[in-house]
Amino acid sequence: MARTAESVNAVIKAYDVRGVVGEQIDAEFVRDVGASFARLVRDSGTAASQVVVGHDMRASSPDLSRAFADGVTSQGLDVVHIGLASTDQLYFASGLLDCPGAMFTASHNPAKYNGIKLCRAGAKPVGQDTGLATIKAELVAGVPVHDGAKGSVSERDGLGEYAEFVRSLVDLSQVSGVKIAVDAGNGMGGHTVPAVFEGLPVTVEPLYFELDGTFPNHEANPLDPENLKDLQRFVRETGADIGLAFDGDADRCFVVDENGDPVSPSAVTGLVAERELAKEPGATVIHNLITSRAVPELVARLGGTPVRTRVGHSFIKQQMADTGAIFDGYPRTRAQAEALEKLLAKHGRKLDRVVELQVDEDALVDRITGRFTCAVCGAGYHDRHKTPEKEGVCDKCGSTEFKRRPDDNEETVRHRMQVYRSETAPILPFYEERGIVARVDGMASIEDVTDSIDALLDD
């Protein structure tokens, strides 16, 4: 059905879908969003064949997620339902299954609201410029009907896999005795926190872990100081070392210290930045418009490159992709390798190959520090190995604007090699014991490296 542009624009925002249930958003509207989203990802370069769908604890979320799934399947794509989930759990599932995803939640908004956060495979963002504008247009004009077969629906419980992955990111084996007070705000933190902390040497003191989308105790919005008062009192009563307050879909967390005093989110950002820049000197760190000026100043002082973006997860993710911001691969350590093996074993799967690209460090430094790209079309060049035919002019599009990644310098490259040798290379014996390590000359041409890896995968 066709709709007015005004009604659609009121619900589809810059980076998500959000509105008052029964007034701005209902099952019919959501079904059409699902159908349009399916068309978007089905006809993209990756040609998705399925969509993973999760939802929060709001009363309307199960029905709306099913309506969305009906829209997706009407366009010939399959749906994998993971049921109750936090937003980051849905993003994890999108990466694990390598497919687009949809999370039904209104995040920190009051109970009368609901909405959808959309992503492409690998949790790549879907915002105004990356798909939502297309969906808007189709909802106004009417979503075309698919004349092929309808897709199927299946269910999958991904909470255990998600929790195991999160535990692998940070080693908490040495923090025995820590007491953590957690206010889930009757939101999805009550679902994910117990799973994540299960088996760890910490004590979790739970507050409002009952899933209730009416938010009977306080709104699940930790940005409002009024909603922190219960946690502050709870921290002091329990003698906790730290307090955590989650929003409704548990992708946002606010911290209070052992005295119950709020810790600035910018201070938390600075602490994380300091930790990550110690591992990746010179790397890019994204911060949004509402972050304290102290954060980019700290990042710069630590040798990193601060990059400001608009508020909103889709803008931040896109900026990370565009700038090469800090992103940790997986597995990177022995603990992560062991966690991955357990995760795969649960599903009767295992790694077939582990490929190590062998490189000459000096030659690698030369390759990386000399590369640059066209700022308009992205065509790649090198100071010595591949220069534009006409100096200063892109061969592909004729642009005269070029850019270099700020971390493409000798100091950073050599540090990363040092980190690889000390932290990541030690996992190779773990895989060598299983007889699955193969080595490829990483200094060969792109075509030869590709052919070598293809041969290993086909073996």
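Rundown of residues vs (1) of a type outside the set (S, T, Y); (2) surrounded by fewer than 18 Cβ atoms within 10 Å (Cβ to Cβ); (3) within 16 Å of G185 (Cα to Cα), yes/no style:
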| site | (1), (2), (3) |
| --- | --- |
| D251 | yes, no, yes |
| V256 | yes, no, yes |
| V263 | yes, yes, no |
| A273 | yes, no, no |
Strands (runs of 3 or more DSSP E) fully within segment 343-385 counting 2 or more residues that are at pLDDT 80 or above and either among the charged types (D, E, K, R) or surrounded by fewer than 12 Cβ atoms within 10 Å (Cβ to Cβ) (or both): 354-358
Odd one out for M188 among (1) of a type in the set (A, V, I, L, M); (2) touching a strand residue (DSSP E or B) at 6+ places or on another chain (Cβ under 8 Å); (3) surrounded by 18 or more Cβ atoms within 10 Å (Cβ to Cβ); (4) farther than 25 Å from R31 by Cβ: (4)
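Every residue, every condition in (1) charged (D, E, K, R); (2) more than 23 Å from G187 (Cα to Cα), yes or no:
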site: V30; (1), (2): no, no
site: V33; (1), (2): no, yes
site: F37; (1), (2): no, yes
site: D43; (1), (2): yes, yes
site: V52; (1), (2): no, no
site: S61; (1), (2): no, no
Considering residues of segment 70-85 that are touching a helix residue (DSSP H, G or I) at 6+ places or on another chain (Cβ under 6 Å) and surrounded by fewer than 21 Cβ atoms within 10 Å (Cβ to Cβ) only, the residue nearest to G122 (Cα to Cα): L84
Every residue from segment 403-436 that is among the basic types (K, R) and at pLDDT 80 or above: K403, R404, R414, R421, R434
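The rows are residues; the columns are (1) modelled with pLDDT of 95 or more; (2) within 19 Å of the chain's Cα centre (by Cα); (3) outside the structural domain of D78 (by TED's automatic domain parsing).
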residue	(1), (2), (3)
I135	yes, no, no
D147	no, no, no
S152	yes, no, no
K179	yes, no, yes
D183	yes, no, yes
M188	yes, yes, yes
T192	yes, yes, yes
G199	no, no, yes
V204	yes, no, yes
Which listed residue is of a type in the set (D, E), surrounded by fewer than 18 Cβ atoms within 10 Å (Cβ to Cβ) and in a loop (DSSP other than H, G, I, E, B), from E205, E219, E210, E226: E210
Which listed residue is surrounded by fewer than 24 Cβ atoms within 10 Å (Cβ to Cβ), in contact (Cβ under 8 Å) with a residue 12 or more places away in the chain, in contact with a Lys or Arg (Cβ under 7 Å, 6 or more places away or on another chain) and aliphatic (A, V, I, L, M), from A59, A67: A67
A250 being of a type in the set (A, V, I, L, M, F, W, C) and in contact (Cβ under 8 Å) with a residue 40 or more places away in the chain: yes
Set G190, G260, G282: member being out of contact with any His (no Cβ under 6 Å at 6 or more places or on another chain) and part of a helix (DSSP H, G or I): G190
Qualifying residue in segment 31-41 (condition: closer than 24 Å to G148 by Cβ and assigned to a loop (DSSP other than H, G, I, E, B)): no
A106 surrounded by 21 or more Cβ atoms within 10 Å (Cβ to Cβ) and of a type in the set (A, V, I, L, M): yes
Members of segment 96-122 found to be touching a Cys at 6+ places or on another chain (Cβ under 7 Å) and outside any strand (DSSP E or B), listed by number: P100, A121
Only one of V235, V295 that is surrounded by 15 or more Cβ atoms within 10 Å (Cβ to Cβ), out of contact with any Asp or Glu (no Cβ under 6 Å at 6 or more places or on another chain), at pLDDT below 90 and of a type in the set (A, V, I, L, M): V295
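The values are calculated or read from the model by the stated rules, or taken from the named source; none is laboratory data. Just so it is clear, the structure is predicted and the values come from calculations on it, not from any experiment. In this analysis, Cβ positions are derived from the backbone assuming ideal geometry, glycine residues included, and neighbour counts consider all displayed protein chains.
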